[in-house]
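Data block below; observations after.
The values are calculated or read from the model by the stated rules, or taken from the named source; none is laboratory data. All of these numbers come straight from a predicted model, not from anything done at the bench. Reconstructed Cβ throughout: ideal geometry from the backbone, glycine too, with neighbour counts over all protein chains shown. Areas reflect the complete protein model, heavy atoms only, side chains present, ligands, DNA and RNA absent. Shrake-Rupley method; radii C 1.70, N 1.55, O 1.52, S 1.80 Å.
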Amino acid sequence: MSVSEEQNTKLFKARRTVVQMLRDRGYSVPDSDIKMTRQQFIEKYGENVHLKRDDLLILCSKGDAPTDQIYVFFPAEVKVGVPMVRNCAKRMKADNVYNAIL
């Protein structure tokens, strides 16, 4: 398995875990995201998804309160620093979203 394939597999597993966690906590997650296979993940996001993690961004709302939303960011940086957190906060503020997972 190449480094790219290994990174794609890790991102696929992380994203799958996050969408399952969101559904368990009452957020509206499409069944297609829950049941997505690794092959479907590669078809949707491409072979080099680890290079364009912005495509993995998730925005979900709670089923009973559509204004209660959450962002899930997949930062490309190895270490999450203040500038990256500020960029996420700016996006959240612009969209009136007050919950996030990095």
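At-a-glance table
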| read-out | value |
| --- | --- |
| Given the chain, longest segment not containing exposed loop trypsin sites (Lys or Arg not before Pro) (DSSP; at most 13 other Cβ within 10 Å) | 53-78 |
| When the convex hull of its Cα atoms is projected in every direction, mean area for segment 1-60 (nm²) | 3.9 nm² |
| Within the chain: Cβ-based charge dipole about Cα centre, in debye rounded to nearest 20 (Lys, Arg +1; Asp, Glu -1) | 260 debye |
| Per-residue [θ]222 nm for the chain (sum of -39500 (n - 2.57) over DSSP H runs n ≥ 4, rounded to 500) | -14500 deg cm²/dmol |
| GluC sites (Glu not before Pro) restricted to segment 6-67 and DSSP loop, no more than 13 other C-beta within 10 Å | Glu47 |
| Heavy-atom accessible area per residue - the chain, 1.4 Å, Å² | 66 Å² |
| Under-24-angstrom lysine pairs by C-alpha in the chain, whenever the two are 8 or more apart or on separate chains | 20 |
